[in-house]
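Here the structure comes first, spelled out in structure tokens, and everything after it is commentary.
Nothing in this text is a laboratory measurement; each read-out follows from the coordinates by a stated rule. From a predicted model like this one, the values you see are computed outputs, not experimental measurements.
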Amino acid sequence: MSAAGGDNGGAPTKPVDACTYLEGQFLFDPNKVLLRRVFFLDAEKTKYISVGFYPARNYQPIVEIGSPKSTPIVLTDQHVKTLCEHLPAQIDALWRGFLQRGGWRICHALGIPFNTAILTMGKKKNRKLVFIKLIDLRYLAYIFPMVENQLLKYTEAMPDVTNYVLATLNSTSSVEPPADASKNILYYQLYEELKTLL
């Protein structure tokens, strides 16, 4: 083992956010999401779309689409905007049975008999897939304005949430949010979620 590689097998070290790292240990699981709002897309509750704050990503609010059987697809606000623009046309094309290649990473090749869309993200090595039935995709289009609204509210409140988390981590008792903090955040719930992590 070389001296430059350290004790991680020679892999380059990654910079770590000061908010999530303390005395050589992570404060949060990198996959942990705070104040997650989940919307299920089917009656069996096997497909979902959620919005939440990701501590491992500097408390950025992100949308996630997934299922228990696959790795979820993580969407930034720009991805959500793009999906919103293209989703209605893709649903119409799938509903009418047209095979459309291209568009925004939604295709239904080989999915025509099953009325299934394949939402993909990433390049060949890191590709993530989520299969969504047409009826669930239509429901997604129906609730998408709520998801967008939640993402917008969370994006506006991101600085307040970051400051509240930092104040909570440095405190031994309950922390009241500042008077000018965003009213769209349930701070008592955020405190409870943080308390379970520490």
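Over all directions, the average projected area of the alpha-carbon convex hull for the stretch 115-198 comes to how many nm²? Working shown, then result.
Values: hull surface 33.6 nm².
Taking the Cα atoms of the stretch 115-198, their convex hull projects to 8.4 nm² on average.
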Amide H neighbours of VAL175 under 5 Å, at least 5 residues apart or on other chains, H built in the peptide plane: list them. none
